[in-house]
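Novice: I have a structure here, written as structure tokens, and I will follow up with some questions on it.
Taken together, the values in this text are just the output of simple stated rules run on the coordinates, not laboratory data. No experiment lies behind these values; they were computed from the predicted model shown.
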Amino acid sequence: MKLSGKKALVTGAARGIGRGCALELARAGADVAVNDRVRSDLAESAVAAIRALGREAFLVEGDVFSRPSCEQVAARAVQALGRIDILVSNPAYQRRAPFLQYDPEAFEKVVQGTLEAGFHMSQVVARHMVARGGGGKIVFIASIHSRIPYARSVAYNAAKSGLVGMAFTIANELLPHRINVNVIDPGWIDTPGEREHFGDKVVDEAGAKLPWGRLGRPEDIGKAAAFLASDDADYITGASLLVDGGLWLGTARE
């Protein structure tokens, strides 16, 4: 229970990696504001799962792709929890297509939903942390796409790479306020979104071919987030933690 008494906001927490982070933070003792665009059965079930762990949980609706909505989400989270000690910023929007055919409007939307959303949410929450004093923890969910330039993902690769650089800059500027800012780079994670895009058969077969013999699970990322949000990571800021089961190393294997 290393996060006992801490208050966390997790964006995009109804399913996938965001849900995994919210649940693992709760298992470590944190009360959690669960953010998703709209109220849904998935979002409600995430709240119920956290409460079943004995922690407080609140659903905070809002589209973090826009600045006004980010401000509302943060305000509602503070109202529900009393304060925000931990932010897990999990912005993502992906559209795949060849570079030569990539739609410019889709490019802008991916950057907005992945990079700009991360800026707005983190700035709003960081201002709250600075104003209340006492430090804080900000964890950005980036991607192995920030390290490997996968084809058909020009916008997502650019946005996630930019997110890492932005996070390091934020970490630098928040040093005087004792706010730790770190990044998690997930590898291929078994999420509903991946199954919707690739199909169950491809996902199931691909896992056995990965270096670790399986795809990552949302809880793998959640456990990393819980570590970075804990006092055990007090001396870690401006770092990128790769959680990929050796996928990155596999690109260098013979």
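Novice: For segment 3-51 and segment 146-182, compute the distance between their C-alpha centroids and round to whole Å.
Specialist: 23
Novice: Seen from all sides and averaged, what is the projected area of the convex hull of the Cα atoms in segment 7-247, in nm²? Intermediate results must be reported in sequence, preceding the final value.
Specialist: Values: hull surface 50.0 nm².
With the hull built on Cα positions only, its mean projection is 12.5 nm².
Novice: Expressed in nm², what is the orientationally averaged projection area of the convex hull enclosing the Cα positions of segment 120-184? Don't skip to the answer; put the middle values down first.
Specialist: On the way: hull surface 16.9 nm².
Over all viewing directions, segment 120-184 projects a mean Cα-hull area of 4.2 nm².
Novice: Here is a further query. Using the alpha-carbon atoms, what tilt in degrees (0 to 90, nearest 10) does helix 200-209 show relative to the longest principal axis of the chain?
Specialist: 80
Novice: Restricting to DSSP H runs of at least four residues, report the calculated mean residue ellipticity at 222 nm for the chain, -39500 (n - 2.57) per run over all residues, nearest 500 deg cm²/dmol. All intermediate terms of the calculation are to be shown ahead of the outcome.
Specialist: Numbers: 10 runs with 115 residues, N = 254.
Helices in the chain give a 222 nm mean residue ellipticity of -14000 deg cm²/dmol.
Novice: On a 0 to 90 degree scale, rounded to 10, what angle separates helix 67-81 from the longest Cα axis of the chain?
Specialist: 50
Novice: Pick out which of A46, A97, A28 has the largest mean-square fluctuation in a Gaussian network model of the chain, springs linking Cα atoms closer than 10 Å.
Specialist: A97
Novice: Can you give me the angle between helix 117-132 and the longest principal axis of the chain, using Cα atoms only, in degrees from 0 to 90, rounded to the nearest 10?
Specialist: Between helix and principal axis, roughly 20 degrees.
Novice: Can you list the HN-Hα couplings for segment 148-157, worked out from phi with the Karplus curve (6.51, -1.76, 1.60; θ = phi - 60°), rounded to whole Hz and with x for Gly and Pro?
Specialist: 10, x, 4, 5, 6, 9, 4, 6, 5, 4
Novice: Provide the per-residue ³J(HN,Hα) series for segment 13-29, in order, calculated from phi with Karplus coefficients 6.51, -1.76, 1.60 and θ = phi - 60°, each as a whole number of Hz, with x at glycine and proline positions.
Specialist: The phi angles translate into 9, 6, 7, x, 4, x, 5, x, 5, 4, 5, 6, 4, 5, 4, 7, x Hz.
Novice: Right, next: Going by amide H atoms built from the backbone, whose H comes under 5 Å of the H on R37, apart from near neighbours?
Specialist: For R37, the qualifying residues are G62.
Novice: From the phi of every residue in segment 54-66, what ³J(HN,Hα) in whole Hz does the Karplus formula 6.51 cos²θ - 1.76 cosθ + 1.60 yield, where θ is phi - 60° and glycine or proline is x?
Specialist: With the stated coefficients, segment 54-66 comes to x, 10, 6, 8, 9, 8, 10, 6, x, 8, 6, 7, 10 Hz.
Novice: Sum up the lysine pairs in the chain that clear both bars: alpha-carbon distance under 18 Å and a spacing of 8 or more or different chains.
Specialist: So the count works out to 9.
Novice: I'd like the distance between the alpha-carbon centres of segment 208-247 and segment 64-98, rounded to an integer number of Å.
Specialist: Computed from Cα coordinates, the inter-centre distance equals 21 Å.
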